[in-house]
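Asker: First, the structure itself, so that you have it in front of you.
All of the numbers you see were taken from the coordinates with simple rules; none came from a lab. A quick note: this is a predicted structure, and the numbers were derived from the prediction, not measured. Note: ideal-geometry Cβ built from the backbone for every residue, glycine included; neighbour counts use all protein chains shown.
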Amino acid sequence: MNKLIAKKYIIPYIALFLLFRFIFGEIESYYIKNAVVSPHPIDVHSWEAKFKIDKQYVMDAKHFGYDHQRYFTSFFPLDLVFPVVYTLLFMSCLQVCTHLKLYRILAVVIVMGAIFDYLEDLSFATYLLGAGDGIATVVSYFTTIKTILLIANIFMALIWILVWLKQLVFKNENNIAYKR
């Protein structure tokens with residue numbers, strides 16, 4: 001796994017991240033059968049609801065909004081791969097960090113984001129397969145925590161990308177100045 005985490009992979013991982021986001025947007029109308037009840041996927045709802053734990057939205061998605069079979073054949077498999085993609089992206093961005101203690105803390109936050117994404121995916125899949133409505137609260141909690149961590153990780157990655165670009169620019173300027 002360590003061979004897949006490096007600054008040289010930041011651009012390809014950004015491209016993969018954007019490709020996944022594009023595909024998710026394209027298949028949304030395929031598995032959401034009632035856009036009035038579920039105008040967006042459950043994992044976007046936490047952001048839309050400003051991080052409110054909303055078990056009712058999860059319940060409505062199950063009972064009225066989602067086509068379960070289409071969800072399991074389209075979104076679900078992709079959403080099991082996506083955390084790997086963005087974790088590799090975030091960890092590659094983190095390679096810019098030279099402060100060991102900060103690196104370790106941020107690495108834990110990145111891994112926790114992926115763990116909560118999988119907890120969300122698996123709990124929602126379990127819920128769709130027939131678990132009682134009580135698990136909707138659990139799905140909502142996992143979704144909200146995952147969303148908070150994902151946003152924090154995106155913000156962190158953007159900062160490290162800017163630091164990395166600054167290093168590249170100043171490294172090139174120093175090389176140009178030295179050659180004169």
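Asker: Given a 10 angstrom Cα cut-off, can you work out which residue in Leu100, Leu122, Leu165 is the most mobile in a GNM of the chain?
Answerer: For the chain, modelled as a Gaussian network with Cα springs under 10 Å, the answer is Leu100.
Asker: Enumerate the aspartates and glutamates that Lys55 could reach by cross-link, defined here as Cα to Cα under 19 Å, with residues fewer than 8 away along the same chain left out.
Answerer: Here the aspartates and glutamates satisfying the reach criterion relative to Lys55 are Asp43, Asp67, Asp117, Glu120, Asp121, Asp133.
Asker: Given only helices, namely DSSP H runs of n ≥ 4 each adding -39500 (n - 2.57), what is the per-residue ellipticity at 222 nm of the chain, to the nearest 500 deg cm²/dmol?
Answerer: Details: 7 runs with 135 residues, N = 180.
So the calculated ellipticity at 222 nm is -25500 deg cm²/dmol.
Asker: Let me ask something else about it. For Ala49 and Phe170, what does the FRET efficiency come to when R0 = 45 Å and r is the distance between their Cβ atoms, rounded to the nearest 0.05?
Answerer: Calculated transfer efficiency: 0.60.
Asker: Okay, moving on. Going 7 Å from the Cα of Val85 in the Cα-to-Cβ direction, what parts of segment 105-135 have a backbone nitrogen less than 17 Å from that spot?
Answerer: 114-115, 117-118, 121
Asker: Over the chain, what is the mean sequence separation of C-alpha contacts under 8 Å (at least six apart), divided by residue count, expressed as relative contact order in percent?
Answerer: Values: 180 pairs, mean separation 49.9, N = 180.
With pairs under 8 Å counted, the relative contact order is 28 percent.
Asker: Another question about this same structure. In the chain, if every C-alpha pair distance is counted and binned at 10 Å from zero, what percent goes to each bin?
Answerer: Result returned by the calculation: 9, 33, 30, 17, 7, 3, 1, 0.
Asker: Take the Cβ-Cβ distance between Thr73 and Ile11 as r, set R0 to 41 Å, and report the resulting FRET efficiency rounded to the nearest 0.05.
Answerer: Numbers: r = 31 Å, r/R0 = 0.76.
The pair Thr73/Ile11 has a calculated efficiency of 0.85.
Asker: Count charges around Thr98 for me, please; just the other residues with Cβ under 13 Å from its Cβ, Lys/Arg as +1, Asp/Glu as -1.
Answerer: Values: positive: Lys7, Lys101, Arg104; negative: none.
So the environment of Thr98 carries a net charge of +3.
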